[in-house]
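**Student:** Take a look at the following structure, please.
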Number of protein chains: 2
Amino acid sequence: MSNFRWSNPVTVYFGEDQFQSLGEAVASYGKKCLFVYGGGSIKRTGLYDRILTLLAQAGVEVFEKGGVEPNPKIGHIREAVAICKKEGIDVLLAVGGGSVIDATKCISAGACVDFDPWDFIAKHIVPEKALPIVDVLTIAATGSEMNSGGVISNPETNDKASVRGPILYPKASFLNPELTFTVGRYQTACGSADILSHIWENWFTLTPPMEMLDKIQETVIKTVIKYAPIALNDPENYEARENLMWASSWAMNGFMMAGFGKSGPSCHPMEHQLSAFYDITHGLGLAILTPRWLRYCLDEQTVSRYVTFGVEIWGVDPDLPPFEIANRAIAKTEEFLFETLGLEDNLTALGIGEEHLEEMAEKACGARGFISGFKRLTPRDVLNIYKMCL
Amino acid sequence: MSNFRWSNPVTVYFGEDQFQSLGEAVASYGKKCLFVYGGGSIKRTGLYDRILTLLAQAGVEVFEKGGVEPNPKIGHIREAVAICKKEGIDVLLAVGGGSVIDATKCISAGACVDFDPWDFIAKHIVPEKALPIVDVLTIAATGSEMNSGGVISNPETNDKASVRGPILYPKASFLNPELTFTVGRYQTACGSADILSHIWENWFTLTPPMEMLDKIQETVIKTVIKYAPIALNDPENYEARENLMWASSWAMNGFMMAGFGKSGPSCHPMEHQLSAFYDITHGLGLAILTPRWLRYCLDEQTVSRYVTFGVEIWGVDPDLPPFEIANRAIAKTEEFLFETLGLEDNLTALGIGEEHLEEMAEKACGARGFISGFKRLTPRDVLNIYKMCL
């Protein structure tokens, strides 16, 4: 029996033709814009110049804050907030992937308060005001372009956690699949693993929601499994890029998980500790964790969901015994992530050892002391899963 | 290559628990409410009293305008507009199916202008202002609860056409599947035919959109085909009712058809003439038209889409010759609509003869002189399809 509330206020401009409206969309929210971006790849691809031209044509005055890093850091956000306050910025333009958009959400809220923006995260303050955000997505991965959360890291305390609130939805998101033609193999693979993780973490539940949503999730999983390898091997394949891009938004905008009951993310809280302590790529951490998490949660109570997973997603013979189907499904998942996508399959290879695992397992379980996902995980469970990843 | 803009501002409250928030949601938009409903079934079911209680608890002053008919009539809308103006109504509550919500959209715009509300339709005026609308959906069918159009009839001129504009999106829609337990077999069947028509009219295209959307449409078609018969035979089956209800909203809220290119509705414009001239139930007219339209459009150019339809939706053997698959798929469609759902399979049985068909065919093609759907249809084509339905 489903009970949920659904709304999503983001206006999406999808495709190259729609991209022409960027300047006018930004201008509709303000005339003094802080242009936030990452490490400079947008300068190499020419996107930076193109955007400045569109903004100039719309009469928008532009200030800049480049240099947002993967796993965006609070120090950089504080600097951007100071610019907003000093210059009287009235609209933010985020150009990049999830890290840039997440950082921009925190900047947008920080610009409207007198306290340190890290307090939104550390003190769980829900922002009440924020500057309007327009974004241009350049990597299909996190879904930040169509949701109201942002994940921020604090290297001083090894914390990585989120700021969230309805005011943080972008006003407009520009999704132009052509802008992802230049995303390399590794980032395409990590982004695809992130999209899949968003869906899998909800889809693996003991209380499936209405069938329409259940089957739509399976459809999007199959879409990503089909198109991620195509995008890896043929980066300018528009069909692959448009499917991955729209899948990334819908995997994490609330629609597909509406009514999924008490389930919640499992791999994401575990991964956030990996990124917080070791600054690894989020999607890579998820890829390493996911098959171990699936193995760890497999038991008599959960096996029927693995059977559906094996049969519907991976085409495993439905006449095999349930645990055989489940194990084959997990093996197929590993094969996809580590062979087809070519991602590293263990933490040891990333230089991660046992040194912080206990502390990370505690932190992953947060103040409640457990992760309430597919199966409830205690710090001991999380520690076991981390060790399986070494 | 997809280019589209997507946004949908409706907040959906789904399920019985969420229904408790109705009074407070209405009150957030105003304190003087016009409560619009249909033929009085909500009084028999107790919903009317329940809503008055919720509104009273929220301190909302209630005015009433019941009696909205199927294929809602402009005369009734004019009366409601007069009440809005006289009483200074500031929020509208629509309780019913698509007819009630469509009528309420026209009332909401009519209340904000000095001219006759029929002018929105006759003169193609896009409303710029409208009173806020909250609705409680009682039949899964039209999708009006999550879109910005309303279809209105004018019996004096035998016209049936739409008013539309972004201002007409409901602010909040309450979707409580339990409220559809009392919908009878015939209306459940007609509603399901309407949902399927909304998807089929887009899905049958020579330029399919990105695969994710294509496959999501197929998923929702299969959902309706599975659950409509269950709801017919077991009207209080929550699982069936929740799937049909959420399918109705998503079949017609713009998401699934975004990027479907130049395709557009075919059966809907043809059906609107049937309802305008003979006041028949919209979903019934669609059910009668759809298989004839499919037969009429089948040719060498279009057959491949029918093959996908047959194999993916109806489980037809993919090794058969393409036209054999297509014809079996159409036969399966007929069997579903006329046997499983039990709908009348021809217009003659409804008392419709040849007398107005030429005029209706002209009107269905509108000022442009053709219908630009799956295949372009001229008035001559439409006339042929109408005759196939006799």
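**Student:** Among the listed residues B:Thr308, B:Thr348, B:Thr340, which satisfies the condition of being among the polar types (S, T, N, Q) and without any contact (Cβ under 8 Å) to a residue 12 or more places away in the chain? Quick ask: steps written out before the conclusion?
**Tutor:** On the way: B:Thr348 fails: without any contact (Cβ under 8 Å) to a residue 12 or more places away in the chain; B:Thr340 fails: without any contact (Cβ under 8 Å) to a residue 12 or more places away in the chain.
Checking each option against the conditions leaves just B:Thr308.
**Student:** Anything in the stretch A:120-169 that is buried (at least 24 other Cβ atoms within 10 Å of the Cβ), out of contact with any Ser or Thr (no Cβ under 8 Å at 6 or more places or on another chain) and of a type in the set (Ser, Thr, Tyr)? List them, or say none.
**Tutor:** Listed by number, the list holds a single entry, A:Ser144.
**Student:** A follow-up question, please. Could you grab me the full set of residues in the stretch A:298-319 that are within 23 Å of the chain's Cα centre (by Cα) and either in a loop (DSSP other than H, G, I, E, B) or farther than 24 Å from A:Gln187 by Cα (or both)? Reasoning before the result, please.
**Tutor:** Within the stretch A:298-319, the first condition is being within 23 Å of the chain's Cα centre (by Cα), and the residues that meet it are A:309, A:313.
A:Phe309, the sole residue that qualifies.
**Student:** Now for a separate question. Exactly one of these conditions fails for A:Phe35: (1) out of contact with any Ser or Thr (no Cβ under 9 Å at 6 or more places or on another chain); (2) farther than 25 Å from A:Ser249 by Cβ. Give me its number.
**Tutor:** Only one criterion in (1) out of contact with any Ser or Thr (no Cβ under 9 Å at 6 or more places or on another chain); (2) farther than 25 Å from A:Ser249 by Cβ is unmet by A:Phe35, namely (2).
**Student:** Output the helices (runs of 4 or more DSSP H) that fall wholly within the stretch B:184-267 and possess 2 or more residues being more than 25 Å from A:Phe255 (Cα to Cα) and in contact with a Gly (Cβ under 9 Å, 6 or more places away or on another chain), or say none. Give the derivation first.
**Tutor:** Working: elements: B:185-203, B:211-233, B:238-251.
In the stretch B:184-267, the matching helices (runs of 4 or more DSSP H) lie at B:185-203.
**Student:** Would you be able to say whether some residue in the stretch B:74-93 is under 20 Å from B:Leu179 (Cβ atoms), in contact with a Leu (Cβ under 8 Å, 6 or more places away or on another chain) and free of Cβ contacts under 8 Å to residues at least 60 places away in the same chain? So that I can check it myself, show each step before the final result.
**Tutor:** Kept after step one, since they are under 20 Å from B:Leu179 (Cβ atoms), are these residues of the stretch B:74-93: B:92-93.
From the residues that got through so far, the ones that are in contact with a Leu (Cβ under 8 Å, 6 or more places away or on another chain) too are B:92-93.
Now narrow it down to the ones that are free of Cβ contacts under 8 Å to residues at least 60 places away in the same chain: B:92.
Yes, the stretch B:74-93 contains a residue that is under 20 Å from B:Leu179 (Cβ atoms), in contact with a Leu (Cβ under 8 Å, 6 or more places away or on another chain) and free of Cβ contacts under 8 Å to residues at least 60 places away in the same chain.
**Student:** Looking at B:Thr348, B:Thr340, can you tell me which residue is modelled with pLDDT of 95 or more, under 25 Å from B:His272 (Cβ atoms) and among the polar types (S, T, N, Q)?
**Tutor:** Working: B:Thr340 fails: under 25 Å from B:His272 (Cβ atoms).
Matching residue, one of B:Thr348, B:Thr340: B:Thr348.
**Student:** Which condition number does B:Phe309 fail, the rest of (1) in contact with a Phe, Trp or Tyr (Cβ under 8 Å, 6 or more places away or on another chain); (2) surrounded by fewer than 17 Cβ atoms within 10 Å (Cβ to Cβ) being met?
**Tutor:** (2)
**Student:** Could I ask something else about it? Based on this model, can you work out whether A:Phe336 counts as surrounded by fewer than 17 Cβ atoms within 10 Å (Cβ to Cβ), assigned by TED's automatic domain parsing to the domain that holds A:Thr205 and among the aromatic types (Phe, Trp, Tyr)? I'd like the intermediate steps shown before the answer.
**Tutor:** Values: surrounded by fewer than 17 Cβ atoms within 10 Å (Cβ to Cβ): no; assigned by TED's automatic domain parsing to the domain that holds A:Thr205: yes; among the aromatic types (Phe, Trp, Tyr): yes.
Here the answer is no, as A:Phe336 does not meet what is asked.
**Student:** Here are some conditions: (1) touching a residue at least 40 places away in the same chain (Cβ under 8 Å); (2) not in a loop (DSSP other than H, G, I, E, B). B:Asp119 meets all but one. Which one does it not meet?
**Tutor:** All conditions pass for B:Asp119, except number (1).
**Student:** Inside the stretch B:1-112, counting only strands (runs of 3 or more DSSP E) that do not spill past its ends, which hold 2 or more residues that are surrounded by fewer than 21 Cβ atoms within 10 Å (Cβ to Cβ) and within 14 Å of chain A (Cβ to nearest Cβ)? Explain how you work it out, then say what you get.
**Tutor:** On the way: elements: B:4-14, B:32-37, B:61-65, B:91-96.
It comes to B:4-14.
**Student:** Within the stretch B:271-278, is there a residue that is away from chain A (no Cβ under 14 Å), among the hydroxyl-bearing types (Ser, Thr, Tyr) and part of a helix (DSSP H, G or I)? Walk me through how you get there before you give the answer.
**Tutor:** Applying the first criterion (away from chain A (no Cβ under 14 Å)) to the stretch B:271-278 yields B:271-278.
Filter again for among the hydroxyl-bearing types (Ser, Thr, Tyr), leaving B:275, B:278.
Then drop every residue that is not part of a helix (DSSP H, G or I), which leaves B:275, B:278.
Checked the stretch B:271-278: at least one residue is away from chain A (no Cβ under 14 Å), among the hydroxyl-bearing types (Ser, Thr, Tyr) and part of a helix (DSSP H, G or I).
**Student:** Filter the stretch B:357-374 for residues that are closer than 14 Å to B:Cys267 by Cβ, buried (at least 18 other Cβ atoms within 10 Å of the Cβ) and not hydrophobic (A, V, I, L, M, F, W, C) and give the result.
**Tutor:** We begin by selecting, within the stretch B:357-374, every residue closer than 14 Å to B:Cys267 by Cβ; these are B:360-361, B:364-365, B:371-374.
After this cut, where a residue has to be buried (at least 18 other Cβ atoms within 10 Å of the Cβ) as well, the list is B:360-361, B:364-365, B:371, B:373-374.
Hit for the stretch B:357-374 is B:Gly373, nothing else.
**Student:** Moving on. Restricting attention to the stretch A:221-239, does a residue exist that is more than 24 Å from B:Phe4 (Cα to Cα), more than 14 Å from chain B (Cβ to nearest Cβ), surrounded by fewer than 21 Cβ atoms within 10 Å (Cβ to Cβ) and out of contact with any helix residue (DSSP H, G or I) (no Cβ under 9 Å at 6 or more places or on another chain)?
**Tutor:** Among the residues of the stretch A:221-239, not one is more than 24 Å from B:Phe4 (Cα to Cα), more than 14 Å from chain B (Cβ to nearest Cβ), surrounded by fewer than 21 Cβ atoms within 10 Å (Cβ to Cβ) and out of contact with any helix residue (DSSP H, G or I) (no Cβ under 9 Å at 6 or more places or on another chain), which makes the answer no.
**Student:** Continuing with the same structure: Please count how many residues of the stretch A:339-350 are within 18 Å of A:Tyr296 (Cα to Cα) and surrounded by fewer than 20 Cβ atoms within 10 Å (Cβ to Cβ). Working first, answer last.
**Tutor:** Our first condition is that a residue be within 18 Å of A:Tyr296 (Cα to Cα); within the stretch A:339-350, this holds for A:345-347.
The next check asks that each one be surrounded by fewer than 20 Cβ atoms within 10 Å (Cβ to Cβ); those that pass are A:345-346.
Count: 2.
**Student:** Filter the stretch A:219-247 down to the residues that are under 22 Å from A:Val12 (Cα atoms) and free of Cβ contacts under 8 Å to residues at least 12 places away in the same chain and list them by number.
**Tutor:** A:Thr219, A:Asn237
**Student:** Of the conditions (1) in contact with a helix residue (DSSP H, G or I) (Cβ under 8 Å, 6 or more places away or on another chain); (2) surrounded by fewer than 20 Cβ atoms within 10 Å (Cβ to Cβ); (3) closer than 21 Å to B:Ser192 by Cβ; (4) not polar (S, T, N, Q), B:Trp250 clears all except one; give me its number.
**Tutor:** Result: B:Trp250 fails condition (2) only.
**Student:** Every residue in the stretch B:118-172 that is basic (Lys, Arg) and either touching a strand residue (DSSP E or B) at 6+ places or on another chain (Cβ under 9 Å) or within 30 Å of B:Pro235 (Cβ to Cβ) (or both), please.
**Tutor:** So the first thing to find is which residues in the stretch B:118-172 are basic (Lys, Arg), and the list is B:123, B:129, B:160, B:164, B:171.
Of everything in the stretch B:118-172, those that are basic (Lys, Arg) and either touching a strand residue (DSSP E or B) at 6+ places or on another chain (Cβ under 9 Å) or within 30 Å of B:Pro235 (Cβ to Cβ) (or both) turn out to be B:Lys160, B:Arg164, B:Lys171.
**Student:** Does the stretch A:256-268 hold any residues that are surrounded by fewer than 21 Cβ atoms within 10 Å (Cβ to Cβ), of a type outside the set (S, T, N, Q) and more than 8 Å from every other protein chain (Cβ to nearest Cβ), and which are they?
**Tutor:** A:Gly261, A:Lys262, A:Gly264, A:Pro265
**Student:** Further question: For the stretch A:170-185, what are the residues that are surrounded by fewer than 22 Cβ atoms within 10 Å (Cβ to Cβ) and in contact (Cβ under 8 Å) with a residue 60 or more places away in the chain?
**Tutor:** A:Lys171, A:Glu178, A:Phe181, A:Thr182, A:Arg185 - these are the residues of the stretch A:170-185 that are surrounded by fewer than 22 Cβ atoms within 10 Å (Cβ to Cβ) and in contact (Cβ under 8 Å) with a residue 60 or more places away in the chain.
**Student:** What's the number of the only condition in (1) assigned to a helix (DSSP H, G or I); (2) touching a residue at least 12 places away in the same chain (Cβ under 8 Å) that A:Glu324 fails to meet?
**Tutor:** Against the list (1) assigned to a helix (DSSP H, G or I); (2) touching a residue at least 12 places away in the same chain (Cβ under 8 Å), A:Glu324 comes up short only on (2).
**Student:** Another question, if that's okay. I'd like to check something: does the stretch B:280-297 contain any residue that is among the small types (Gly, Ala, Ser), over 18 Å from the mean Cα position of the chain (by Cα) and surrounded by 23 or more Cβ atoms within 10 Å (Cβ to Cβ)?
**Tutor:** no
The values are calculated or read from the model by the stated rules, or taken from the named source; none is laboratory data. The structure displayed is predicted, hence computed values, not measured ones. For neighbour counting, all protein chains shown are included, and Cβ atoms are generated from backbone atoms with ideal geometry for every residue, glycine included.
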